[in-house]
Every structure is written in C-alpha cells, then in structure tokens.
Amino acid sequence: MDQVVKVIALTTTQQLLISEIVEVAAVDIGQPDCKLINPFCINTESGQTLLEPWLLNVTKDDIFMLSSDKILTLCDPTPTLLEKYLDLTK
C-alpha cells in the first residue's frame, strides 16, 4: 500500500498538520477512524516553513487516532513541503 501524506486542517484549532494518514474502520459510532502516522505541525510564523513533531511536549508517540469529524479539510502538500516531511520521517 502506498503512503498517503496530506496536509490536515483541524476543526478544533488553527493548527495545520502534515502526516501520513490511513482511514480505518471505526468499531463503534464516534470512535476514531483516522490513523495519523508521524504527524508534524506546520509552522510558518517566522516566514519559513518549519515542521515540529505534533504533541512533542506531552508524548513520544508517533501514531495517533483521530475522528474524521475533527478534520476540516485534507489537501496535498506542495512538493517542497512533502520532500521536507519525507526527509524528517525517514
């Protein structure tokens, strides 16, 4: 299966993430149905695009389950952003 990397805008914060994403079947209604693998926050405040591991201050985990209703939109990253992400996750 090919790796699917997307930019993810969350509904709950103004955060943008880039992550490998896998759709999984929810066991029960309301259960998380998206697996984020190696998610990084996209920070562009300094004028440069910086990627920082998501939730780095609270966990060492690199796989997270998220409900799709928390996702505002998904889109493809620019080639430069994708290359930067892939370099960080090798």
May I ask you to verify whether Glu83 is among the charged types (D, E, K, R) and not in a strand (DSSP E or B)? yes
Name every residue in the range 1-19 that is touching a residue at least 12 places away in the same chain (Cβ under 8 Å) and open to solvent by 40 Å² or more (accessible area, probe 1.4 Å), in order of residue number. Gln3, Val4, Lys6, Thr11, Thr12, Gln15, Leu16
In this structure, is Val22 open to solvent by less than 70 Å² (accessible area, probe 1.4 Å), over 14 Å from Leu82 (Cα atoms), free of Cβ contacts under 8 Å to residues at least 40 places away in the same chain and not basic (Lys, Arg)? yes
Considering residues that are among the charged types (D, E, K, R) and in a loop (DSSP other than H, G, I, E, B), the number found within the range 1-22 is 1
Would you pick out the residues in the range 23-59 that are in a strand (DSSP E or B), out of contact with any Phe, Trp or Tyr (no Cβ under 7 Å at 6 or more places or on another chain) and of a type outside the set (Lys, Arg)? Glu23, Cys34, Ile37, Asn38, Ile42, Asn43, Leu50
Whether any residue in the range 55-65 is polar (S, T, N, Q), open to solvent by less than 40 Å² (accessible area, probe 1.4 Å) and farther than 13 Å from Val5 by Cβ is what I want to check. yes
So which residues in the range 66-82 are of a type in the set (D, E, K, R) and either over 13 Å from Val5 (Cα atoms) or exposed (fewer than 11 other Cβ atoms within 10 Å of the Cβ) (or both)? Asp69, Lys70
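The values are calculated or read from the model by the stated rules, or taken from the named source; none is laboratory data. The shown structure was predicted, so the numbers you read here are calculated from the model rather than taken from an experiment. Using ideal geometry, Cβ is built from the backbone for each residue, glycine included, and neighbour counts are taken over all protein chains shown. Side chains included, ligands, DNA and RNA excluded: accessible areas come from the protein's heavy atoms. Shrake-Rupley method; radii C 1.70, N 1.55, O 1.52, S 1.80 Å.
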